[in-house]
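Q: Quick one: the structure is below, questions incoming.
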Amino acid sequence: MTGSPAQGGSPAPGDQSGRPGGPPPLRLGTRASALALAQSGMAAAALTAATGRAVELVHITTYGDTSREALSQIGGTGVFVNALRDALYAGEVDFAVHSLKDLPTAAPEGLHLAAVTERAAVNDALVARDGLKLADLPAGAKVGTGAARRMALLRMLRPDLEVVPIRGNVDTRVGYVRSGELDAVVLALAGLRRLGREDEATEVFGPEVMLPSPGQGALAIECRDDALVPLLATLDDPLTRAAVTAERTMLAVLEAGCSAPVGGHAVAADDNVLSLTGLVATVSGSACLRRSATGPVADAEGLGRRLAEALLAEGAAELMEREA
């Protein structure tokens, strides 16, 4: 693990700054990929701006970063999270930033989900050769993605394409297209934006076309120390938390991990009403269930449970098991 000062925030004067006489900088545990560092740097800068407390980044390597196996083979759920949580338990870092879509739905003992940041774009994006859109790719074109959900949706939209499982950071994935190894890749628009690479997307899919992963576009901030929760909670966005609570409850009731072909997207129509859409598919794209429901923002968990139960009543479990 290595530490570095967070970029983008100037400590405020006084005891909260981490200067001599004040408290030391808070240690933020983060994966060391360019995207993870960008996301953690944003969170660190926002926390410093809101509270005046200095933050330093501590780089942690997770099993998901070192393994080259497909996510479905190494379990998917938690592979980018467990090492960060171990560092929290060991007291090596004070808090950690995760991509919320990577976070297991089961609450870990002794840790707090102190904040869910305001959500960025939930969309998936295509990066294709020659500026092509999905409809323009020739039959047999190779399209790469690491997510079972995206594989299923791509095969539903274009069954004539060859969908290829890939791993790696944004540079690696886009590099497959630049080298000609693949014709296109699909990845999260939020990641491209956070890296300042949105202009590389040749097409952005609306949620009605490619329903995002539960939690996609939001960041989760975890800590162990109860006393840190109020400080970190300054970064919490209540409507985003409600939306992702509905999505992740649906995922949990379906008993599906983050590597399953499941999509979920909740939107707050206003401060009172939440609309949730859920999707369960076969990885081959041969079958799909898609349903929607609405409910009070204050009952986000109940909304997610009700939609999951409706999907299960229509055969969602059998659909996920069909090609497992």
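Q: Would you kindly give the portion of the calculated P(r) for the chain that falls above 32 Å, as a percent of all Cα pairs?
A: When all Cα pairs of the chain are counted, 29 percent exceed 32 Å.
Q: Pop out the ³J(HN,Hα) list for the range 181-196 in order, Karplus 6.51 cos²θ - 1.76 cosθ + 1.60 with θ = phi - 60°, rounded to Hz; leave Gly and Pro as x.
A: Working through the residues one at a time gives 5, 10, 7, 6, 9, 10, 8, 6, 4, 4, x, 4, 5, 5, 9, x Hz.
Q: Once you put a point 7 Å from the Cα of Ala45 and another 7 Å from the Cα of Glu162, both along the Cβ direction, what distance in nm separates them?
A: Going by the 7 Å Cα→Cβ label model, 4.2 nm.
Q: Using only Cα atoms, figure out Rg for the range 96-228 and give it as a multiple of 2.2 N^0.38 Å.
A: 1.17
Q: Extension gain Glu109-Arg290, at 0.36 nm per residue separation less the Cα-Cα distance, in nm?
A: Value of the extension gain: 61.8 nm.
Q: May I pose another question? Can you list the residues of the range 261-282 with backbone N under 17 Å from a point 7 Å past the Cα of Glu314, pointing along Cα to Cβ?
A: Label zone hits: 261-266, 275-282.
Q: What value, in deg cm²/dmol to 500, does the helix sum -39500 (n - 2.57) over DSSP H runs of n ≥ 4 give at 222 nm once divided by the residues of the chain?
A: -8500 deg cm²/dmol
Q: Give the Rg (one decimal place) followed by the Dmax (whole number) of the range 196-258, computed from C-alpha coordinates and expressed in Å.
A: Cα only, the range 196-258: 15.4, 45 Å (Rg, Dmax).
Q: While we're looking at this one, here's another question. Using C-alpha positions alone, give me the convex hull volume of the range 243-321 per residue in cubic angstrom.
A: Given the Cα convex hull of the range 243-321, per-residue volume reads 69 Å³.
Q: A further question on this structure: Pick out which of Ser99, Ser286, Ser33 has the largest mean-square fluctuation in a Gaussian network model of the chain, springs linking Cα atoms closer than 10 Å.
A: Among Ser99, Ser286, Ser33, the largest GNM mean-square fluctuation belongs to Ser286.
Q: What is the local net charge at Phe95, summed over the other residues whose Cβ is closer than 9 Å to its Cβ (Lys, Arg +1; Asp, Glu -1)?
A: Numbers: positive: Arg27, Arg224; negative: Asp94, Glu222, Asp225.
Charge balance near Phe95 sits at -1.
Q: While we're looking at this one, here's another question. Taking Cα atoms of the range 153-256, Rg/Rh with Kirkwood Rh, to two decimals?
A: 1.04
Q: For the range 281-318 and the range 204-221, what is the separation of their C-alpha centers, rounded to whole Å?
A: First find each Cα centre; the distance between them is then 16 Å.
Q: Another one. In nanometres, what is the gap between the two model label sites at Arg322 and Glu255, each 7 Å from Cα along Cα-to-Cβ?
A: Going from the Arg322 label point to the Glu255 one covers 1.9 nm.
Q: Which of Asp237, Asp94, Asp226 moves the most in a Gaussian network model of the chain with Cα springs under 10 Å?
A: Asp226
No value in this document is a laboratory result; all are computed from the given coordinates. Note that the coordinates shown come from a computational prediction; the quantities given were computed from them, not determined experimentally. Using ideal geometry, Cβ is built from the backbone for each residue, glycine included, and neighbour counts are taken over all protein chains shown.
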